[in-house]
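Peer 1: I'd like to ask some things about the structure below.
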Amino acid sequence: MNPWLVVLIVLGAVVLVILVCSIKIVRQSTAVVVERLGKFHRLLNTGIHFIVPFFDRSVGGPISLKERVADFAPQPVITKDNVTMQIDTVVYYQVTDAKLFTYGVENPIRAIENLTATTLRNLVGELELDGTLTSRDTVNSKMRMILDEATDPWGIKINRVELKNILPPKDIQQAMEKQMRAERERRESILRAEGEKRSNILVAEGEKEATILRAEAKKAAVIAEAEATASAIKMINDANPNAAYLTLKGYEALKIMADGKATKIIVPSEIQNVSGLLAGLKGVLEADKKD
């Protein structure tokens, strides 16, 4: 084989390798930091790029620019009232500057974890146990602001910080459960008492309305009876009854009285004369027959 041909083949292969090494393709949502002779040269964003082989090299591979989630292990935290709790946090962050992320801090994730732990201890140390359990949103927002400001020099943006779990000691948990149970029983007793009170009020109002209705009905009946009696008396007066009729009515009243259980009956003087009464009755009967 011709030696020049071998040389040409070798040179072609070397050129091909150099061309391949000079082409750099950067994927979507990633960035590549390029150094030239050990110094920062440029930042490669999404697309195809050409670099100088043997002089330019990428540092640490592609850097993801997507939002990431870091779930940190529980940290022991002491509250203002000296209660030690275990709190684990979840941090949502995103790389906004690949250069600062590469050169800003060694092991950025570890740095964020330590910063999160110290910030959490500072914030919770100013709160009591009850305040810590009821102020998650406040603690989350304060931690996000502090971490976001602290990680700016690292090219990292903190989007959200969440307290995932807050675990008080077991004796505190048991005391809280007893307190919650007592509070539920108290609310149940209050609701039951209010229900009974309302029921009694409704029953009393019903009895009141029933009494008023009975009284009104009795009043109406008495008025109707009185009106009927007055009407009857008026009709009798308009008819101008004679003495015999009045005597007959007195006798009927005497008969009714005699049917009772009374042992003494006082007879009016107007009807003591039985013969006069009979004569009056006879006159009334004859007048009825003529009619």
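Peer 1: Would you point out which residue out of V33, V17, V7, V83 is among the β-branched types (V, I, T), surrounded by 11 or more Cβ atoms within 10 Å (Cβ to Cβ), at pLDDT below 85 and more than 51 Å from the chain's Cα centre (by Cα)? Before you say what the answer is, go through the steps one by one.
Peer 2: Values: V33 fails: at pLDDT below 85; V7 fails: surrounded by 11 or more Cβ atoms within 10 Å (Cβ to Cβ); V83 fails: more than 51 Å from the chain's Cα centre (by Cα).
On inspection, the qualifying residue turns out to be V17.
Peer 1: Could you give every pair whose Cβ atoms fall below 7 Å, whose first residue belongs to the stretch 74-90 and is under 14 Å from V161 (Cβ atoms), and whose second residue is buried (at least 16 other Cβ atoms within 10 Å of the Cβ) and aromatic (F, W, Y), counting only separations of at least 6 or pairs across chains?
Peer 2: Listed by first residue and then by second, the contacts come to D88/F72; T89/F72.
Peer 1: Follow-up. So V222 ticks every box in (1) part of a helix (DSSP H, G or I); (2) under 26 Å from N122 (Cβ atoms) but one. Which box is left unticked?
Peer 2: (2)
Peer 1: Of all residues in the stretch 86-108 being among the charged types (D, E, K, R) and outside any loop (DSSP other than H, G, I, E, B), which is nearest to the chain's Cα centre (by Cα)?
Peer 2: Going through the stretch 86-108, the residues among the charged types (D, E, K, R) turn out to be 88, 97, 99, 106.
So of that shortlist, the ones also outside any loop (DSSP other than H, G, I, E, B) come out as 88, 99.
Details: D88: 27, K99: 48 Å.
Among those that are among the charged types (D, E, K, R) and outside any loop (DSSP other than H, G, I, E, B), it is D88.
Peer 1: Taking into account only those residues within the stretch 144-198 that are surrounded by 14 or more Cβ atoms within 10 Å (Cβ to Cβ), acidic (D, E) and free of Cβ contacts under 8 Å to residues at least 24 places away in the same chain, which is farthest from I112 (Cα to Cα)?
Peer 2: Here the residue is D152.
Peer 1: Does D97 satisfy the condition of being in the same structural domain as L127 (by TED's automatic domain parsing) and modelled with pLDDT under 85?
Peer 2: no
Peer 1: Looking at (1) outside any strand (DSSP E or B); (2) over 32 Å from the mean Cα position of the chain (by Cα); (3) under 30 Å from S64 (Cβ atoms), which one does K157 not meet, given that it meets all the others?
Peer 2: Here K157 meets the rest and fails (1).
Peer 1: What number of residues in the stretch 36-54 are under 30 Å from I109 (Cα atoms) and either aliphatic (A, V, I, L, M) or over 50 Å from the mean Cα position of the chain (by Cα) (or both)?
Peer 2: Within the stretch 36-54, the first condition is being under 30 Å from I109 (Cα atoms), and the residues that meet it are 36-49, 51.
Those left that are additionally either aliphatic (A, V, I, L, M) or over 50 Å from the mean Cα position of the chain (by Cα) (or both): 36-44, 47-49, 51.
Of the residues in that region, 13 qualify.
Peer 1: Of the numbered conditions (1) touching a residue at least 40 places away in the same chain (Cβ under 8 Å); (2) under 49 Å from the mean Cα position of the chain (by Cα), Q28 satisfies every one except a single condition; which is it?
Peer 2: Among (1) touching a residue at least 40 places away in the same chain (Cβ under 8 Å); (2) under 49 Å from the mean Cα position of the chain (by Cα), the lone unmet condition for Q28 is (1).
Peer 1: Looking at Y93, is it within 27 Å of S29 (Cα to Cα), crowded, with 19+ Cβ neighbours inside 10 Å, of a type outside the set (A, V, I, L, M, F, W, C) and out of contact with any Leu (no Cβ under 7 Å at 6 or more places or on another chain)?
Peer 2: Criteria met by Y93.
Peer 1: Identify, from the list A111, A70, the residue that is under 30 Å from V32 (Cα atoms), touching a helix residue (DSSP H, G or I) at 6+ places or on another chain (Cβ under 9 Å), touching a residue at least 12 places away in the same chain (Cβ under 8 Å) and in a strand (DSSP E or B).
Peer 2: One residue alone meets the criteria, A70.
Each row is one residue, and each column tells you yes or no for (1) touching a helix residue (DSSP H, G or I) at 6+ places or on another chain (Cβ under 7 Å); (2) closer than 25 Å to D97 by Cα; (3) modelled with pLDDT of 90 or more.
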position	(1), (2), (3)
L115	yes, yes, yes
V124	yes, no, no
L127	no, no, no
T132	yes, no, no
S135	no, no, no
T138	no, no, no
E149	no, yes, yes
I156	yes, yes, yes
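The values are calculated or read from the model by the stated rules, or taken from the named source; none is laboratory data. Everything quoted here is computed from the prediction, not taken from an experiment. FYI the Cβ positions are ideal-geometry reconstructions off the backbone, even for glycines, and counts take in every protein chain you see.
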